[in-house]
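Report on the structure given below.
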Amino acid sequence: MKYLVIVNPTSGRGYAERVTPQIEAGMQEHGLDFDLTRTERPWHAADIAEKAVKNGYDVIVAASGDGTANEAINGMMRARAAGFNDTAFSILPVGTGNDMAYGLGMRGTLEESIAALAQNYRKKIDIGLVKGGDYPEGRYFANGVGIGFDAAVGFVATKVRWARGLLAYLIAVIQTVFIYYKSPTVEITYNDASYTQPSLMASIMNGQRMGGGFYMAPQGDPGDGHFDLCIASEASRMRIFGLIPYFLKGTQVSQPEITTGRTDKITIKAVKGVLPAHCDGETLCESGQELSAEIIPAAIEIITSENPA
């Protein structure tokens, strides 16, 4: 098999570039035939991945965080729309949060993740398509969409340059509580039902977690044909702090502000206020009015460290 490794040298506050020699050595050690290229601009990974799929690479590997991996998946889905769907996807988790890698089963060290490529355990996963905000024609995602407080935290976390992983997001949560606490009133429609409420946030999950350790959907399965929803109603600043430990443990369903559900299609409209939103950690909009998401079952094959047998 022929692998293309796409490295974003800025991922993980520069960690990806520092470990690129280790990635090359590991691929060689496991006898994997690969080319390696670096991204140079926004959406470069999408262009690289689309071209690579059309040129017959067997596996696209994003050595990055969630954002570059998301771009690569968008490129692969563009190739899929053109009739090219024989290429698998995988991740070497060297980013800040690495939530997509976690959801897709690549949860070990860098060395273990490279070994997983050689083991070649495969499974099909669903891909989401979200439309609205800055992407009226749609953007694909593999892990999840966050709307409201969750997205605002992500925007702040990108400015925390000295920390990686969960710590960066915890710092961002504390900062965000004091700049974003007025919940928009939203109309949420899914499974042929609609309701309107002030909502602190809504997470549309294909994977399990966001923010490097907040388990929005602890039972999420990216291959089950459904999104897992986690919707939080309005909460005070102090109550937001009180909810954080539940999200870190994935037990927030026990709290009165939390509604969960499963669906393959959802629409969220702002009735009062606006919708900041992200998908796979990438900005969808800072003040959107309406977002809709739908699932595309078994859209891409991935290589994972988890044996599906």
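The values are calculated or read from the model by the stated rules, or taken from the named source; none is laboratory data. The structure presented is a predicted model; accordingly, all values stated were derived computationally and were not measured. Virtual Cβ from ideal backbone geometry, glycine too; neighbours counted across all protein chains shown. Heads up: the accessible areas ignore ligands, DNA and RNA and are worked out on the full protein's heavy atoms, side chains in. Shrake-Rupley method; radii C 1.70, N 1.55, O 1.52, S 1.80 Å.
For segment 175-197, the set of residues classified as open to solvent by less than 50 Å² (accessible area, probe 1.4 Å) and touching an Asp or Glu at 6+ places or on another chain (Cβ under 8 Å) consists of S183, Q197, listed by residue number. Segment 228-295 holds strands (runs of 3 or more DSSP E) entirely within its bounds, and those carrying 1 or more residues that are touching a residue at least 24 places away in the same chain (Cβ under 8 Å) and open to solvent by 70 Å² or more (accessible area, probe 1.4 Å) map to 258-263, 265-272, 282-288.
Of all residues in segment 50-68, exactly one satisfies the criterion of being of a type in the set (V, I, T) and either modelled with pLDDT under 95 or surrounded by fewer than 24 Cβ atoms within 10 Å (Cβ to Cβ) (or both), namely V59. Out of I171, I179, one residue alone is part of a helix (DSSP H, G or I) and β-branched (V, I, T). It is I171. Against the criterion of being in a loop (DSSP other than H, G, I, E, B), surrounded by fewer than 18 Cβ atoms within 10 Å (Cβ to Cβ) and under 22 Å from the mean Cα position of the chain (by Cα), G108 qualifies. Given the residues N120, N143, which is the only one that is open to solvent by less than 20 Å² (accessible area, probe 1.4 Å) and either touching a Pro at 6+ places or on another chain (Cβ under 7 Å) or in contact (Cβ under 8 Å) with a residue 40 or more places away in the chain (or both)? Only one candidate qualifies: N143.
The strands (runs of 3 or more DSSP E) located wholly in segment 1-81 that include 3 or more residues which are in contact (Cβ under 8 Å) with a residue 40 or more places away in the chain and more than 19 Å from the chain's Cα centre (by Cα) occupy 2-7.
M27 - would you say it is over 12 Å from G95 (Cβ atoms) and modelled with pLDDT under 95? Taking the combined requirement at face value, the residue does not satisfy it. Residues in segment 69-96 that are closer than 24 Å to I171 by Cα and open to solvent by 10 Å² or more (accessible area, probe 1.4 Å): P93, T96. The single condition among (1) under 18 Å from the mean Cα position of the chain (by Cα); (2) modelled with pLDDT of 80 or more that T158 does not meet is (2).
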